[in-house]
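Written out below as structure tokens is the structure these notes cover.
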Ligand code: ZN
């Protein structure tokens, strides 16, 4: 039995062949997060995939936001499935049940926690040597804590607690439990590209929650941890000391090229399942297509399929029901042209951009050059590379779209402040600038404009610049032409343009990464 989790940052990551992609991931149960589809936008090709049964949860509020889906091979058809963690969304037969205690939540809180399409639970039968037992798979997309919205911090923690209550209730009830998905918190310093840059790394409430949720053989019970947690981070179980093992990188800063990321996507399994049934687990940094990479886990036990999918399955949605046998479905061909033109559509930027910045806290005040970590950084990248097992097949499906995303879509960056830019660290370059936006505490939002002139991408931008592109300065460290960015965020600097080093973001001490060159474009030009 093999499970995969992947934050796909929009279902359109699958646009050129969802079945091929699922097949290439080569798992019985594939859990994806950030589908960004609502039910009205779900198309049949995505919802009903030959050889699989699928289960979706949609955000009931904002469209194009959040959303998770679990695809099960027909040979892994679950016997129960439900949406959400609270049970409030469950009014159908074939639900999973066993909800745990909700006494610490108000009814309204519970409703809100399940309102954003962040969880799908499937329950499976597995054969473990002589025994048949049940395994519950909880696919979650945990909320981010937007630093500008304090109430979301609370929301995130509440979601964690609700998740824990549900997972532990299922476990107590006798099912084995796997919790997997985008958890949106890097656990330990080893799971973060630059933990020293973060104040009070260990005090982050999300990390504290992970400490309570996960068991740690290295931490003996104390006042803070009267009992160790009931779950195991399966990746760390098999790779306790591997560094540079990240699952998420900022596309805005091109940080994947320097492996300047975080590990926030996990497969957690209850202690017993992890130790008795898991045989391997790893990340797949070689798979592009999203700002996250997939993570897989492999178990000794084998799945026993239910004879038919439970009621939540998308194949029963009225809009798709009965169409499965239609010949037309098998004749529809996605030609490359339509794929390409579709891909030009602007994908909204990942909702987690701000969270990543929070994780990759580059607020600048603390950043100093640490030459000794240069070697460490390059070693990290190497480790990650050599230890991954590229799957040639799968790679073929994904062309790196990071470069394109940087230049092409205004929408994708509109809501992305760039506080992780190096601008804060460039005071020496700024003595000629009229204002330093960061010292004013302003959050910049920027559109990256590929000054090399990608067709289409920068066309609209250049059109908006009356006098044509300003000359690009060379950054001081690399002596390379800079990229031009525009402040998008409302404020005194909105519309102003500035230059930064064109290289991808990376560790402060990595000479290959972006240097801290920053210069405003003169207003008069
Ligand atoms: Zn540079």
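Of the residues 247, 234, which is crowded, with 18+ Cβ neighbours inside 10 Å and either in contact with a helix residue (DSSP H, G or I) (Cβ under 6 Å, 6 or more places away or on another chain) or at pLDDT below 95 (or both)?
Numbers: 247 fails: either in contact with a helix residue (DSSP H, G or I) (Cβ under 6 Å, 6 or more places away or on another chain) or at pLDDT below 95 (or both).
After ruling out the rest, the residue left standing is 234.
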Notebook entry, point to check: Hey, does the stretch 95-115 have a residue that's over 24 Å from residue 157 (Cα atoms), more than 22 Å from the chain's Cα centre (by Cα) and surrounded by fewer than 23 Cβ atoms within 10 Å (Cβ to Cβ)?
Noted result: yes
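Going through the stretch 472-496 one residue at a time, which ones are free of Cβ contacts under 8 Å to residues at least 12 places away in the same chain and away from the ligand (no atom under 12 Å from the Cβ)? Before the answer, list the steps.
Going residue by residue through the stretch 472-496, those that are free of Cβ contacts under 8 Å to residues at least 12 places away in the same chain are 474, 479, 490, 494-495.
490, 494, 495 - these are the residues of the stretch 472-496 that are free of Cβ contacts under 8 Å to residues at least 12 places away in the same chain and away from the ligand (no atom under 12 Å from the Cβ).
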Check: What's the number of the condition residue 138 fails, among (1) part of a strand (DSSP E or B); (2) over 14 Å from residue 84 (Cα atoms); (3) touching a helix residue (DSSP H, G or I) at 6+ places or on another chain (Cβ under 7 Å)?
Finding: (2)
Next item on the list: Go through the residues of the stretch 160-179 one by one and say whether even a single one is part of a helix (DSSP H, G or I), under 20 Å from the mean Cα position of the chain (by Cα), closer than 23 Å to residue 249 by Cα and without any contact (Cβ under 8 Å) to a residue 24 or more places away in the chain.
Entry: no
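The values are calculated or read from the model by the stated rules, or taken from the named source; none is laboratory data. Small disclaimer: the values here were computed from a predicted structure and weren't measured. All Cβ positions, glycine included, derive from the backbone under ideal geometry; neighbour counts span all protein chains shown.
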